[in-house]
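One structure is given below, encoded as structure tokens.
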Amino acid sequence: MDFRLSEEQALFQRSVREFVDREVAPHAATLDATTTFPHETLRKLGDLGLTGLGIPPEYGGSGGDNIMVAIAIEELARGCAATSTVYAVTLSLCTHVIWTFGNEDQKRRYVPALSRAEKLGCYGLTEPEAGSDAASLKTRARRNGDYYFISGTKQFISNGDQADTMILFATLDPSLRSRGITAFIAETRQPGYHVLKVENKLGIRGSSTAAIALENLEVPLTNRLGDEGEGFKIAMQVLDWSRIGIAAQAVGIAQAALEAAVSYARQRHQFGRPIAEHQAIQFLIADMRTRIEAARLLTYWAADLHDRGIRHTAETSMAKLFASEMCEWVTSKALQIHGGYGYLKDFPVERYYRDARITQIYEGTSEVQRMVIARETLGRRSGS
Ligand SMILES: Cc1cc2nc3c(=O)[nH]c(=O)nc-3n(C[C@H](O)[C@H](O)[C@H](O)COP(=O)(O)OP(=O)(O)OC[C@H]3O[C@@H](n4cnc5c(N)ncnc54)[C@H](O)[C@@H]3O)c2cc1C
């Protein structure tokens with residue numbers, strides 16, 4: 001057992017951190033204030049090969065393992081949580097989905113452009129009436145010859161108004177629940193794809209979250225991922241790895257909050273000395289660091305199991321649950337250490353606090369993670 005990063009992973013972490021400190025973090029406050037989508041940064045991430053992590057070079061990628069994906073998301077989130085969302089969605093929820101479940105033709109047609117950030121991806125699972133209960137989705141796919149025609153509404157789609165390619169889930173027969181759901185690679189620059197609304201959010205404001213209407217969106221048979229009825233299984237398998245990215249994002253946001261709190265506690269004086277010399281502040285810093293390290297280890301553990309091909313459903317959910325709840329706690333304490341100044345837009349901690357909240361909601365709420373962990377621990381019959 002070795003808890004250290006390999007030499008290659010450590011070098012990778014340093015180079016991503018330097019890039020983020022130089023090119024990403026300085027823009028985070030502006031993206032947040034102006035709700036600007038980070039197109040420019042994505043292009044740079046593409047040039048660096050980060051949008052092709054986990055994909056072999058012959059398909060436009062840069063290789064690497066899932067620990068490196070977690071490191072990239074963590075470091076990006078440390079600089080700008082919104083940018084890390086945009087990145088994680090296109091890589092983990094689109095490129096890696098086609099790479100894992102696509103046939104050779106689909107991989108050749110879609111993966112290279114996504115890996116190089118020439119195209120952007122999104123993931124269309126949630127609907128207005130189907131959130132935690134994704135199996136109840138109503139978007140209909142009807143087959144006619146060599147095409148499917150897809151109609152329905154998708155809700156809360158990250159990158160939904162910006163993406164070129166959507167991993168789209170629709171049902172051939174809602175009465176079949178999960179067994180009717182099928183996955184497709186849909187192209188968004190088509191007449192049947194309409195952006196209804198871009199949401200105004202509490203945090204990760206530089207990322208976009210859109211409601212999408214699909215009106216007889218044409219998807220060729222050659223763009224079906226897997227067989228008819230296999231979509232729900234695909235959606236759940238994807239979440240098994242993509243939730244590791246949300247855990248990594250939570251660790252990154254919390255790390256940024258800890259660093260801000262340490263720096264502020266050293267320079268802020270009250271009662272004649274730096275507040276860092278008051279034991280109450282020291283204990284908070286100690287607890288913050290301890291919880292961050294625990295979450296990081298859970299996250300890397302789940303990523304490592306994924307790399308080794310070992311089943312990791314419970315480990316992923318534990319990492320996501322613990323890291324996201326830790327993140328809210330740590331960012332709240334970092335804000336507290338800043339006193340009244342923490343409540344102002346002049347300091348980044350209020351943004352960290354707002355950005356933290358989403359990690360307990362998307363890709364399965366904390367309640368859903370607890371349901372998964374309980375089911376994996378007690379056995380299927382204990383759940384629903
Ligand atoms: C900013 C943002 C980005 C997102 N990006 C995407 C995306 O890119 N693609 C996508 O498909 N989706 C996306 N989502 C959707 C997200 O995954 C859902 O919001 C989430 O799964 C919860 O669904 P819901 O909002 O419908 O809440 P609901 O399912 O209605 O849940 C409401 C509350 O009830 C609780 N609850 C529900 N069922 C149970 C139960 N059985 N037991 C106990 N408690 C329960 C929930 O935990 C929650 O607290 C995004 C959401 C947001 C806010």
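No lab work stands behind these numbers, since they all come straight from the coordinates. From a predicted model like this one, the values you see are computed outputs, not experimental measurements. Don't worry about glycine lacking a Cβ; one is built from the backbone with ideal geometry, like all the others, and counts go over all protein chains shown.
Thinking of the stretch 293-384 as a set of Cα atoms, what percent of all their pairs are more than 19 Å apart? Each step should come with its number before you reach the end.
Values: 2138 of 4186 pairs.
Percent of Cα pairs beyond 19 Å in the stretch 293-384: 51.
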Can you compute the helix-only [θ] at 222 nm over the chain? Use -39500 (n - 2.57) per DSSP H run of at least 4 residues, normalise by all residues, nearest 500 deg cm²/dmol. -16000 deg cm²/dmol
Work out, in µm²/s and without decimals, the Stokes-Einstein translational diffusion coefficient of the stretch 240-363 at 25 °C, 0.890 mPa s, Rh from Kirkwood over C-alpha pairs. 165
Within the stretch 309-329, backbone nitrogen closer than 12 Å to the virtual label 7 Å beyond the Cα of residue 287 toward Cβ: 329
If Lys and Arg each add +1 and Asp and Glu each add -1, what is the summed charge of the other residues whose beta carbon sits under 13 Å from the beta carbon of residue 350? +2
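Could you tell me the relative contact order of the stretch 232-382? Use alpha-carbon pairs under 8 Å, at least six residues apart, and round to a whole percent. Walk me through the intermediate numbers first.
On the way: 186 pairs, mean separation 48.2, N = 151.
RCO, the stretch 232-382: 32 percent.
Fewest to most neighbouring Cβ within 10 Å: what's the order for 352, 110, 341, 193? Numbers along the way, then the final one.
Details: 352 30, 110 25, 341 14, 193 22.
Exposure proxy ranking, most exposed first: 341, 193, 110, 352.
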Under the definition of Cα pairs under 8 Å and six or more residues apart, what whole-number percent is the relative contact order of the stretch 10-122? 31
Between residue 119 and residues 5 or more places away or on another chain, the pairs with built amide H atoms under 5 Å apart involve 114
Between residue 273 and residue 135, take the C-beta separation as r, use R0 = 56 Å, and let me know the FRET efficiency to the nearest 0.05. 0.45
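Quick one: how many lysine pairs does the stretch 98-219 have with C-alpha atoms less than 20 Å apart and a gap of 8 or more or different chains? Give me the count, please. Mind showing how you got there, number by number?
Details: 107/119; 138/154; 138/197; 154/197; 154/201.
Here the count comes out as 5.
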Mind grabbing the base-10 log of I(q)/I(0) for the stretch 89-159 at q = 0.12, 0.21, 0.23, 0.24 Å⁻¹? Debye formula, identical points on the C-alpha positions, no solvent, two decimal places. -0.41, -1.04, -1.09, -1.09
Could you please rank 161, 287, 32, placing first whichever residue has the fewest other Cβ atoms within 10 Å of its Cβ? 287, 161, 32
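For the chain, calculate the relative contact order in percent as a whole number, restricting contacts to Cα pairs under 8 Å that are 6 or more residues apart. Kindly include the intermediate steps, with their values, before the conclusion.
Numbers: 769 pairs, mean separation 60.2, N = 384.
Once normalised by length, the contact order is 16 percent.
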Please arrange 293, 104, 325 by how many other C-beta atoms lie within 10 Å of their C-beta, fewest to most. 104, 293, 325
Per residue of the stretch 114-125, in order, report the coupling 6.51 cos²θ - 1.76 cosθ + 1.60 (Karplus, θ = phi - 60°) as ³J(HN,Hα) in whole Hz, putting x for Gly and Pro. 5, 5, 8, 6, 6, 10, 10, x, 8, 9, x, 10
C-alpha long axis of helix 39-48 to longest principal axis of the chain, angle in °: 90
The stretch 57-71 - phi-based ³J(HN,Hα) in whole Hz, Karplus 6.51/-1.76/1.60, Gly and Pro as x: x, 5, 10, x, x, 10, x, x, 10, 6, 4, 5, 4, 4, 4
Under the rule of at least 5 residues apart or a separate chain, name every residue whose amide H is placed under 5 Å from the amide H of residue 147. 221
Using alpha-carbon coordinates, inclination of helix 366-378 to the longest axis of the chain, degrees: 80
Mean projected area in nm² (Cα convex hull; one quarter of hull surface) for the chain: 19.4
